[in-house]
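Reviewing the structure listed below.
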Amino acid sequence: MDEALHTATASAPATGSGTSLGAAASEARDKAEAASRQAQPAIAAPAIAPLRGRTSLSGRLLLLTLMFAMLAEVLIYLPSAARFRIDYFTARIELANQAALALLAAPDAMLSEELEDELLRGVGARLVAMRRDNTRALMLSDRRELPMLGPPIDLRNWMWWEAMSDAAMTLIGEVDPFVRVVGPSPRSPDALIEVVLPSEPLVRAMRDFSSRIFWVSLAISLFTASLVYLSLQWLLVRPMQRLTHSIVGFRAAPEDARQIIKPSSRSDELGLAERELQMMQQELRQALTQRQRLAQLGIAVSKINHDLRNMLASAQLVSDRLEESDDPTVRQAAPRLVDSLDRAITLCTQILRYGKAEEPAPKPEPVPLHEFCDDVAAALGINHAPGTLWKNRVPEGLVIRADPAQFYRLMSNLMRNAVQAMPQGGEIRVNAAVLENQVAIEIADTGSGLSEAARAHLFEAFRGGARRGGTGLGLAIARELVRGHGGELELARTGPVGTTFRILLPHSEGGED
């Protein structure tokens, strides 16, 4: 029998009233009441105010749309500015060509100084010349001295990246006071027109162009951003806000059925999210209701257990006296009564122990497995029970690391189940082997095997009883203890020739984890 059973049976005769048993039950009842309080939903908890003091999803969406639209306009602006600069020069070449034609049409190709100045002002240049057949002829000039000029800008062959770079430098860099431009004559392709232009009007014109582009781009960006914002707000943000409000409201009051979202008829991902959220909320609400009922049931069971164990303790005292009776019939029936009382006390102990919130963390230490199994078998009376053959096939010297108290409960539960599976007697075997980084321990019996119904819920408390009248607590507790050690408990095989349970525990050389 396990440690709790020893405590219960030992303390009953000593107290005469089951005081220590009642104290244990009272402690378990207090824990059950605490668990019930924890199970109550946080109805009064305030809902999280979403996005308070932070940028909302809608605001971020609008800001990002504006930024991306402006970025697109910036990428468009540079080629546009380069194109404007080239068009500005082309227009001056055309005006210079017209001025040159006017000069050629004059008698003796001579004009007055006033008319030359008027033509240059119309062109916006300081000098106009024409080249033909590699001969350069000065046509018009304002007769003022020009500074040293750099290389000419040739409109016949220019690269777009150079044009964008020159346009940017014109706007933000230092430029020469004058610029020399060469381009083909619009009327005579074999003739070239050369003009010298002041840079200030060009810079002023490009800045005016940039200002117009900026405001037009800003208006386009605002209009586009508004359309995108309204579309996404209607299609995405509002459904997301609806999901968020449902989640926050459900968290604040999960017992309120009105907080469960009602999915729309959308067939996209958001519609799927709404339907899945509804299912999750319904399942969580059902689980919460079940948890509350189980907590209330746990309190009731702990109270019943408290009174029942006191009664059993008193009955156990009476049964001990019956064994001393002179009546042979009474003496013969007394052991059965004692066994029945022991089983009832064990059941109450297991129920109270299972009702705890969780098992304490194991404190592993080296355990010689062969000797440990013999000790458990001796405590349960297996190795001396009539009709039961005990075989300990664990290799001597095999050491594992486990919590001795918890491992004792684990092995005693499994061995006791093996004894109960063989009411007519049989053989119980314990084997162990090291498999790489695991130790496999098998507890086998020669009983009639487990039924299909028992295998279906084998490790579930109150559902997985392998025998009639069993609660399934022994196997449920055993698996919980094994998993607490980082291992696993499984049904290796079962059938008419017997049942074998396998324990898998972490192991390394020397029994160190």
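Scan the range 164-175 for residues that are closer than 26 Å to Leu192 by Cα and either among the aromatic types (Phe, Trp, Tyr) or under 51 Å from the mean Cα position of the chain (by Cα) (or both) and jot them down.
Met164, Ser165, Ala167, listed by residue number.
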Exercise. With respect to the numbered conditions (1) at positive phi; (2) surrounded by fewer than 16 Cβ atoms within 10 Å (Cβ to Cβ); (3) at pLDDT below 80, which one is the sole condition not fulfilled by Glu436?
Worked result: (3)
Seminar exercise, completed: Residue hits (the range 132-172; modelled with pLDDT of 80 or more, surrounded by 16 or more Cβ atoms within 10 Å (Cβ to Cβ) and assigned to a strand (DSSP E or B)) are Ile153
Exercise. With Gly249, Gly271 as the choices, which residue is more than 20 Å from the chain's Cα centre (by Cα) and in contact (Cβ under 8 Å) with a residue 60 or more places away in the chain?
Worked result: Gly249
Seminar exercise, completed: Given (1) at pLDDT 75 or above; (2) under 43 Å from the mean Cα position of the chain (by Cα); (3) surrounded by 13 or more Cβ atoms within 10 Å (Cβ to Cβ), Leu95 misses just (2)
Exercise. If Val439 passes every condition in (1) among the β-branched types (Val, Ile, Thr); (2) part of a helix (DSSP H, G or I); (3) in contact with a strand residue (DSSP E or B) (Cβ under 6 Å, 6 or more places away or on another chain) but one, which one does it miss?
Worked result: (2)
Exercise. What number goes with the only condition from (1) within 30 Å of Val216 (Cα to Cα); (2) of a type outside the set (Asp, Glu); (3) modelled with pLDDT of 75 or more that Ser56 does not pass?
Worked result: (3)
Exercise. Looking at the range 382-416, which of the residues that are free of Cβ contacts under 8 Å to residues at least 60 places away in the same chain and part of a helix (DSSP H, G or I) is farthest from the chain's Cα centre (by Cα)?
Worked result: Met415
Exercise. Residues in the range 185-227 that are of a type in the set (Ser, Thr, Tyr) and over 53 Å from the mean Cα position of the chain (by Cα): how many?
Worked result: 3
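The values are calculated or read from the model by the stated rules, or taken from the named source; none is laboratory data. Computed from a predicted model, the values in this text were never measured in an experiment. Cβ: placed from backbone, ideal geometry, glycine included. Neighbour counts: every protein chain shown.
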